[in-house]
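Note sheet for the following structure.
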């Protein structure tokens with residue numbers, strides 16, 4: 001499935017037709033992307049998907065089957081003629097891919113003709129919500145296993161073709177490699193894998209299977225030891241093969257446990273291997289892992305060197321989705337907002353910038369400012385009128401840059417390696433209390449005095465008018 | 001992203017090379033697909049994804065970039081020459097798409113040369129696990145709203161490109177339409193949608209926005225009433241426009257509530273509409289819905305006619321994945337199995353068939369039999385040696401048919417409409433106790449006397465040998 005411009009919700013096209021019909025198509029609009037709640041009840045998210053999004057936006061078109069289909073749905077000829085020439089010619093300003101981001105703050109802004117900005121809404125959210133969710137999940141797993149090898153094994157349980165970008169995002173969040181060959185091919189990530197139970201089953205016995213596999217992969221041999229009985233058959237056979245390999249001047253790289261009590265089995269395996277002078281053989285483990293199970297294995301001092309993580313990583317269990325939204329903040333050069341009974345759902349007007357304030361190298365607070373404001377010395381809680389923060393003693397840096405201009409990519413995210421390193425360096429600057437799993441500290445995101453006063457003025461006006 | 005044969009885990013290719021090297025590539029293998037636990041703690045699953053899978057299997061190839069990439073990974077020339085000619089030439093036997101299926105029973109069998117069967121494992125699971133999960137979720141939502149209109153709104157929060165097949169599966173599970181235009185185009189499903197908050201924001205006021213929208217969509221006008229204030233502004237403005245439409249001989253189709261307390265607001269909205277003689281205007285609701293919220297709204301007698309369900313549907317919340325597996329059951333014409341410490345994880349040998357037994361039109365029990373067995377009169381619990389079921393008074397039907405032969409599709413699932421109707425008719429035959437959400441009755445799946453005795457003999461032999 002190649003993504004075309006019908007990769008959207010019907011109402012985006014319905015709206016686009018209304019804009020077209022009323023001569024509003026080319027009025028300038030600014031839309032903000034932000035989320036309201038950090039995934040996994042955590043304290044942050046790792047922003048991912050930007051490069052994927054920019055590439056798709058750059059090439060987005062309605063193909064002939066799209067136009068034919070829309071004609072069949074009753075869209076008007078004149079509008080379809082317009083769509084025939086559609087391309088996304090707007091600007092995108094964004095924080096860097098791999099940036100650590102927080103609820104409420106804008107992470108990306110689309111500034112384009114209303115018709116274009118409307119049509120791409122669904123696409124923007126679909127790409128960014130998912131990759132950000134998975135990169136965040138991966139970073140949590142990395143945080144409990146900083147010195148272990150982490151491999152993404154999830155494709156078979158991934159949400160269909162979602163698995164493709166899941167592997168990309170997992171790498172950004174700190175995984176070392178993936179089993180997903182196609183993702184490895186397209187994104188230039190390391191790929192890895194071991195052997196299958198079915199191979200062991202298909203050979204006359206386990207020892208034969210291990211010997212055949214080791215001779216086919218002498219330099220990269222990891223034996224799967226749980227097809228029949230891990231301790232009585234798998235590990236003893238692996239030891240036999242490791243000794244035979246030593247006779248040929250080779251070394252068995254590792255064994256993999258894929259079932260049973262991983263803490264107990266890894267300890268027994270380590271002892272059996274060490275007793276046979278195989279201290280160099282590494283132990284890999286897989287089977288329903290996530291950050292909590294790995295943390296528990298670590299607390300039990302399970303001697304596991306490599307973790308293969310599948311389902312819980314690639315589907316972002318238990319959340320399954322990030323709640324990112326795309327909200328109009330300017331139309332025809334006029335700042336605008338959506339009211340709500342709930343102040344937390346009121347959107348913020350203006351074209352924006354984010355300033356990140358830090359102290360002694362530690363990230364401390366983010367301020368949402370208008371794009372023409374310079375350093376501010378005080379910011380306000382977006383929801384609580386009585387809370388403010390003095391920022392005068394902090395260093396600051398702007399986080400958003402223009403990445404797409406007139407539909408052309410003017411700043412890429414760089415290769416995946418660079419994005420991954422950036423995410424890792426930014427997480428290292430975030431104090432640990434924001435990274436803990438249980439009741440993390442809430443990172444301060446505030447609004448500038450200008451945004452605050454304009455928002456409050458708008459709320460009053462709108463409430464009076466209605 | 002077009003799916004090529006590298007849409008797989010690396011270990012499938014590593015294994016394939018070992019088979020190739022050891023002259024085992026063309027030995028016949030049979031793999032079973034089954035799952036161990038019904039999703040959502042429910043009592044069944046709706047099998048979906050078959051047609052997608054068959055189309056992909058039929059066209060699966062390694063393209064030149066795949067082969068170049070694998071060469072770079074160190075795969076051997078001779079093996080890559082073999083992959084250059086790769087196509088899937090095996091057979092697939094399967095239950096019908098839309099069938100109601102249960103844990104432990106095989107739902108699809110792949111019979112092919114070992115190399116081919118191994119390479120497609122990841123793909124088979126990736127497609128079937130996800131669509132089955134979502135069709136099942138959709139069927140649960142349908143079960144609490146049998147007479148309501150259900151629309152899939154999920155693409156923006158879907159797991160990246162997973163959203164494409166999520167919409168397909170939701171339709172199979174009983175949804176009426178989707179907002180996902182591309183899925184509607186490709187799968188021939190009805191699409192629907194209303195209006196956007198941003199449209200209302202972009203117009204001088206809400207009433208102007210409603211008037212413009214209604215004149216652009218006079219026959220299909222659903223007004224979104226919560227941009228500013230639902231009861232004080234949105235609904236009164238909608239009533240004004242409905243009256244104006246009546247003056248032109250048109251009828252407002254509906255209003256949509258997208259925030260707030262849907263039970264309270266829908267009741268108030270109904271009353272306000274009815275008081276103005278607008279009993280025909282329907283009420284649509286959306287915002288974080290799932291089967292539990294809709295059931296609760298129904299219990300509160302909320303007068304809602306149309307539900308738009310997004311995130312929780314398309315990501316299969318809270319499960320996120322179905323645990324389907326792909327296990328070797330025959331190799332080189334010899335039945336085989338994988339042992340495990342846990343009897344529930346022992347696989348079943350043989351090429352298989354499923355017989356479904358029913359009584360008075362009600363589905364009652366499924367038996368896993370070998371593919372050459374005819375009607376059996378007793379089946380055994382797969383895990384508990386002391387439990388059996390007398391089947392002599394039941395009607396029965398075989399569930400699996402050959403759908404792919406020698407790589408060619410010989411039986412299609414038919415169009416989506418037909419699959420959806422089949423799912424609905426099969427769910428209607430399933431007694432309600434299997435469909436309830438809380439502690440559903442466990443549907444009986446048993447094994448034939450032959451499978452039982454062979455399995456027990458294998459376990460003894462394998463335990464003795466190892």
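The values are calculated or read from the model by the stated rules, or taken from the named source; none is laboratory data. Being a predicted model, the structure only gives us computed values, none of them experimental. For neighbour counting, all protein chains shown are included, and Cβ atoms are generated from backbone atoms with ideal geometry for every residue, glycine included.
Details
- Of residues in region B:254-271 being closer than 22 Å to residue B:217 by Cβ and more than 13 Å from chain A (Cβ to nearest Cβ), the one farthest from the chain's Cα centre (by Cα): B:269
- Criterion (more than 14 Å from every other protein chain (Cβ to nearest Cβ) and either surrounded by fewer than 21 Cβ atoms within 10 Å (Cβ to Cβ) or at negative phi (or both)) met by exactly one of B:319, B:384: B:384
- Verdict on residue B:33 being farther than 19 Å from residue A:193 by Cβ, buried (at least 21 other Cβ atoms within 10 Å of the Cβ) and away from chain A (no Cβ under 14 Å): no
- Screening residue A:241 on (1) farther than 30 Å from residue A:100 by Cα; (2) within 11 Å of chain B (Cβ to nearest Cβ) shows it passes everything except condition (2).
- Hey, residue A:167 within 23 Å of residue A:46 (Cα to Cα), touching a strand residue (DSSP E or B) at 6+ places or on another chain (Cβ under 6 Å) and either at the interface with another protein chain (Cβ under 7 Å from one of its Cβ atoms) or buried (at least 23 other Cβ atoms within 10 Å of the Cβ) (or both) or not: yes
- Out of B:412, B:347, one residue alone is in a loop (DSSP other than H, G, I, E, B), more than 14 Å from chain A (Cβ to nearest Cβ) and over 23 Å from residue B:41 (Cβ atoms). It is B:412.
- Subset of region A:149-173 (residues that are in contact with a helix residue (DSSP H, G or I) (Cβ under 8 Å, 6 or more places away or on another chain) and in a strand (DSSP E or B)): A:150, A:152
- Single residue of A:68, A:116 found to be away from chain B (no Cβ under 12 Å) and within 29 Å of residue B:216 (Cα to Cα): A:116
- With respect to being out of contact with any helix residue (DSSP H, G or I) (no Cβ under 9 Å at 6 or more places or on another chain), surrounded by fewer than 24 Cβ atoms within 10 Å (Cβ to Cβ), free of Cβ contacts under 8 Å to residues at least 12 places away in the same chain and assigned to a loop (DSSP other than H, G, I, E, B), residue B:146 fits the description.
- Counted residues, region A:3-23 - those being facing chain B (nearest Cβ under 7 Å) and out of contact with any helix residue (DSSP H, G or I) (no Cβ under 6 Å at 6 or more places or on another chain): 3
- Restricting attention to region B:374-392 and to residues that are part of a loop (DSSP other than H, G, I, E, B) and at pLDDT 90 or above, the residue that is nearest to residue B:110 (Cα to Cα) turns out to be B:382.
- Some residue of region A:71-86 being surrounded by 14 or more Cβ atoms within 10 Å (Cβ to Cβ) and away from every other protein chain (no Cβ under 14 Å): yes
- All positions within region A:322-336 that are out of contact with any strand residue (DSSP E or B) (no Cβ under 7 Å at 6 or more places or on another chain) and more than 8 Å from chain B (Cβ to nearest Cβ): A:334
- Taken over region A:200-230, residues that are at the interface with chain B (Cβ under 7 Å from one of its Cβ atoms) and touching a strand residue (DSSP E or B) at 6+ places or on another chain (Cβ under 8 Å) amount to 3.
- With respect to the conditions (1) surrounded by fewer than 24 Cβ atoms within 10 Å (Cβ to Cβ); (2) farther than 15 Å from residue B:138 by Cα; (3) within 33 Å of the chain's Cα centre (by Cα), residue B:216 falls short on a single one, namely (3).
- Answer residue from region B:423-442, given it is part of a loop (DSSP other than H, G, I, E, B) and under 18 Å from the mean Cα position of the chain (by Cα) and is surrounded by the fewest Cβ atoms within 10 Å (Cβ to Cβ) among those: B:437
- So residue A:456, is it assigned to a loop (DSSP other than H, G, I, E, B) and either in contact (Cβ under 8 Å) with a residue 40 or more places away in the chain or surrounded by fewer than 13 Cβ atoms within 10 Å (Cβ to Cβ) (or both): no
- Residue, farthest from the other protein chains (Cβ to nearest Cβ), within region B:290-310, restricted to residues that are more than 25 Å from residue B:239 (Cβ to Cβ) and crowded, with 22+ Cβ neighbours inside 10 Å: B:294
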